[in-house]
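A short worksheet on the structure shown next.
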Amino acid sequence: MNKLLIAVPSENPGGLEASIGAHFGHCDMYTLVSVEEGVIGEVSVIPNIPHQQGGCMAPVQYLAGKGVQHLIAGGMGFRPLMGFNQVGIKVYYGGETRTVGDAVQAAIEGRLTQFSQEHTCGGGGGH
């Protein structure tokens with residue numbers, strides 16, 4: 001793991017101590033965590049964007065545009081998961097972790113599994 005940018009759907013106010021948002025597209029915000037050589041570096045918070053423009057793919061494109069390489073999520077639909085795969089963002093299941101910091105540390109230590117169709121919520125409305 002060289003240098004990468006990890007996004008974690010977060011509840012307000014974001015940051016390492018924030019709870020993970022239960023569903024990536026409906027979270028309050030995203031906490032972006034820079035990790036280099038297994039060490040947490042810069043942490044920033046960006047707002048979520050509405051689904052109205054671009055549906056479930058809007059957040060996918062938004063995060064790709066920010067340079068995100070990995071996403072840790074507790075839940076998402078199959079369509080955005082496929083979208084993340086198409087733009088080269090690896091998605092990991094972080095549903096067992098409590099905070100953003102815990103999730104990122106678990107990712108650094110290789111304790112998260114890659115998100116699969118089993119983890120998707122099925123949602124409806126294009127989710």
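The values are calculated or read from the model by the stated rules, or taken from the named source; none is laboratory data. Just so it is clear, the structure is predicted and the values come from calculations on it, not from any experiment. Neighbour counts run over all protein chains shown; Cβ positions are idealised from the backbone, glycine included.
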| When the range 81-101 is examined, which residues are found to be closer than 24 Å to GLU17 by Cα, part of a loop (DSSP other than H, G, I, E, B) and small (Gly, Ala, Ser)? | GLY94, GLY95
| Of these, GLY67, GLY21, GLY25, which one is under 21 Å from LYS90 (Cβ atoms), surrounded by 15 or more Cβ atoms within 10 Å (Cβ to Cβ) and out of contact with any helix residue (DSSP H, G or I) (no Cβ under 8 Å at 6 or more places or on another chain)? | GLY21
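Yes/no matrix, rows are residues, columns are (1) among the small types (Gly, Ala, Ser); (2) under 14 Å from THR99 (Cα atoms); (3) over 13 Å from the mean Cα position of the chain (by Cα):
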residue	(1), (2), (3)
ALA7	yes, yes, no
SER10	yes, yes, no
GLU17	no, yes, yes
ILE20	no, yes, no
HIS26	no, no, no
ILE40	no, no, yes
HIS70	no, no, no
| message | I'd like to verify a number: residues in the range 20-34 that are over 16 Å from ALA107 (Cα atoms) and of a type in the set (Ser, Thr, Tyr), how many? | response | 1
| query | Any residue in the range 18-41 that is among the hydroxyl-bearing types (Ser, Thr, Tyr), without any contact (Cβ under 8 Å) to a residue 60 or more places away in the chain and more than 18 Å from MET76 (Cβ to Cβ)? | reply | yes
| query | Taking into account only those residues within the range 61-80 that are modelled with pLDDT under 95 and not in a helix (DSSP H, G or I), which is farthest from SER10 (Cα to Cα)? | reply | GLY77
